[in-house]
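*Asks:* Before we start, here is the structure in question, set down as structure tokens.
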């Protein structure tokens, strides 16, 4: 039988894993140590666990779009560990289709409804927002967390958020009249939309009081007309300004879901007669598992939160593999995997076996592995990770192999 070259390549890719698994089963099923095999592995082979520190560790900033995510955030919170954080939200409503409502009268009420996904800060605090008209058009899909909102100073109305799952904000009748005038300006829907985009470039949610940051659901930010018709927002986004971060020294690193500080590591792999990772020679190429372990400082994170204050919980770290000449493009492809948090030791672990085997087979290894808490959802996540300078629980590779 003749096999295709691609089939042989697939077999070769997983050959080291097959050897390791086979050897592991023999080790644990025999009464005396050692491996009884047919030449696939040494007759005195054993399953061995090596630990290799991850020392090539740097942090950087990546500009990423913050518009049209699942959520958008607004508010001010002075975090004792992660600094003074100010988030400003933006949202642009849409025109209702005339066929979806009866006549919109000048004295009819229109509400803007906000659904709340999460809170970052004091859960008992009531905070105030101004709904300010934007001074010019903006695009959610090209908005970044560093973009400056186009403020006009024209405050439409204000509203408060306390212990709420949703908020209905009544729009002033002057705005209802403007909305109505555009709605009946033309029978052509595209003409109406063009006029609306010019006359109503959207709103900025400007936080006026300190205490917490609120994350609103983008898809469920609606205009409510006649108490029953919900009109989805056209686009939304948010900006973040962070100042006065607490100094945590070289052994710790503050990282954020906004990509404003992203740690990364480089894994150097050399594969000839044996395998060398980051300068450590393993004296084998029969890998069973390569696991990356990152550790948070949960004690400091907890001790810097006052009573009744919360941060959005980080349950996962998204792992990206990015090359330096196309980081902003590659990050849009999404992460290569997720490191789930182990509550027993506060570690985030990710199986790198497949990536290391690919490199052993000659795949390119020009990139670095980047770590982002929870990803770019529009909710602001913060995490304190231990660095290679940490005396305990520093980042490492845990390698199980047959020697």
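*Asks:* Among the listed residues 235, 273, which satisfies the condition of being farther than 21 Å from residue 61 by Cβ and out of contact with any strand residue (DSSP E or B) (no Cβ under 8 Å at 6 or more places or on another chain)?
*Replies:* Working: 235 fails: out of contact with any strand residue (DSSP E or B) (no Cβ under 8 Å at 6 or more places or on another chain).
Selected residue: 273, the only one of 235, 273 that is farther than 21 Å from residue 61 by Cβ and out of contact with any strand residue (DSSP E or B) (no Cβ under 8 Å at 6 or more places or on another chain).
*Asks:* Oh, and also: Hey, could you check the stretch 56-91 for residues that are touching a helix residue (DSSP H, G or I) at 6+ places or on another chain (Cβ under 8 Å) and in a strand (DSSP E or B) and say which is farthest from residue 147 (Cα to Cα)? Break it down stepwise before answering.
*Replies:* Initial filter on the stretch 56-91 (touching a helix residue (DSSP H, G or I) at 6+ places or on another chain (Cβ under 8 Å)): 62-65, 67-68, 81, 90.
After this cut, where a residue has to be in a strand (DSSP E or B) as well, the list is 65, 90.
Working: 65: 10, 90: 11 Å.
Checked the stretch 56-91; the qualifying residue farthest from residue 147 (Cα to Cα) is 90.
*Asks:* Next question. Going by the structure shown, is residue 201 in the same structural domain as residue 385 (by TED's automatic domain parsing) and farther than 30 Å from residue 286 by Cβ?
*Replies:* On the way: in the same structural domain as residue 385 (by TED's automatic domain parsing): no; farther than 30 Å from residue 286 by Cβ: yes.
No; evaluated as a whole, the condition is false for this residue.
*Asks:* Go through the residues of the stretch 291-313 one by one and say whether even a single one is under 25 Å from residue 240 (Cα atoms), outside any helix (DSSP H, G or I) and in contact with a helix residue (DSSP H, G or I) (Cβ under 9 Å, 6 or more places away or on another chain).
*Replies:* Yes - at least one qualifying residue is present in the stretch 291-313.
*Asks:* Now, a different point. Residue check: is residue 148 surrounded by fewer than 18 Cβ atoms within 10 Å (Cβ to Cβ), in the same structural domain as residue 88 (by TED's automatic domain parsing), over 32 Å from the mean Cα position of the chain (by Cα) and not in a strand (DSSP E or B)?
*Replies:* On the way: surrounded by fewer than 18 Cβ atoms within 10 Å (Cβ to Cβ): yes; in the same structural domain as residue 88 (by TED's automatic domain parsing): yes; over 32 Å from the mean Cα position of the chain (by Cα): no; not in a strand (DSSP E or B): yes.
The answer is no for residue 148.
*Asks:* Also, I was wondering about something else. In the stretch 159-171, is there at least one residue being more than 18 Å from residue 215 (Cα to Cα), at pLDDT 95 or above and either more than 29 Å from the chain's Cα centre (by Cα) or assigned to a loop (DSSP other than H, G, I, E, B) (or both)? Full working, then the answer.
*Replies:* Taking the stretch 159-171 first, the residues more than 18 Å from residue 215 (Cα to Cα) are 170-171.
Retained after the next criterion (residues that are at pLDDT 95 or above): 170-171.
Checking the rest, the ones that are also either more than 29 Å from the chain's Cα centre (by Cα) or assigned to a loop (DSSP other than H, G, I, E, B) (or both) come to 170-171.
Yes, the stretch 159-171 contains a residue that is more than 18 Å from residue 215 (Cα to Cα), at pLDDT 95 or above and either more than 29 Å from the chain's Cα centre (by Cα) or assigned to a loop (DSSP other than H, G, I, E, B) (or both).
*Asks:* Could you say which residue among 386, 349, 311 is surrounded by fewer than 18 Cβ atoms within 10 Å (Cβ to Cβ), modelled with pLDDT of 90 or more and either under 16 Å from residue 54 (Cβ atoms) or under 19 Å from the mean Cα position of the chain (by Cα) (or both)?
*Replies:* On the way: 386 fails: surrounded by fewer than 18 Cβ atoms within 10 Å (Cβ to Cβ); 311 fails: surrounded by fewer than 18 Cβ atoms within 10 Å (Cβ to Cβ).
Testing whether each residue is surrounded by fewer than 18 Cβ atoms within 10 Å (Cβ to Cβ), modelled with pLDDT of 90 or more and either under 16 Å from residue 54 (Cβ atoms) or under 19 Å from the mean Cα position of the chain (by Cα) (or both) leaves just 349.
*Asks:* For the list (1) in the same structural domain as residue 151 (by TED's automatic domain parsing); (2) surrounded by 20 or more Cβ atoms within 10 Å (Cβ to Cβ), I need the number of the one condition that residue 297 fails.
*Replies:* (1)
*Asks:* Among the numbered criteria (1) modelled with pLDDT of 95 or more; (2) in contact with a helix residue (DSSP H, G or I) (Cβ under 8 Å, 6 or more places away or on another chain); (3) surrounded by fewer than 21 Cβ atoms within 10 Å (Cβ to Cβ), which single criterion is violated by residue 230?
*Replies:* (2)
*Asks:* Sticking with this structure for a sec: Do the conditions hold for residue 187, that is, is it at pLDDT below 95, surrounded by fewer than 18 Cβ atoms within 10 Å (Cβ to Cβ) and in contact with a helix residue (DSSP H, G or I) (Cβ under 7 Å, 6 or more places away or on another chain)?
*Replies:* When the stated conditions are applied, residue 187 does not pass them.
*Asks:* Any residue that is more than 22 Å from residue 120 (Cβ to Cβ), without any contact (Cβ under 8 Å) to a residue 40 or more places away in the chain and in a loop (DSSP other than H, G, I, E, B) - is there at least one of those in the stretch 327-342?
*Replies:* Yes, that holds for at least one residue.
*Asks:* Within the stretch 280-287, does at least one residue satisfy the condition of being surrounded by fewer than 21 Cβ atoms within 10 Å (Cβ to Cβ), free of Cβ contacts under 8 Å to residues at least 60 places away in the same chain, more than 16 Å from the chain's Cα centre (by Cα) and not in a loop (DSSP other than H, G, I, E, B)?
*Replies:* Yes, some residue in the stretch 280-287 is surrounded by fewer than 21 Cβ atoms within 10 Å (Cβ to Cβ), free of Cβ contacts under 8 Å to residues at least 60 places away in the same chain, more than 16 Å from the chain's Cα centre (by Cα) and not in a loop (DSSP other than H, G, I, E, B).
The values are calculated or read from the model by the stated rules, or taken from the named source; none is laboratory data. All values reported here derive from a predicted model rather than from experimental measurement. Counting neighbours? That spans all protein chains shown, and the Cβs are built from the backbone with ideal geometry, glycine included.
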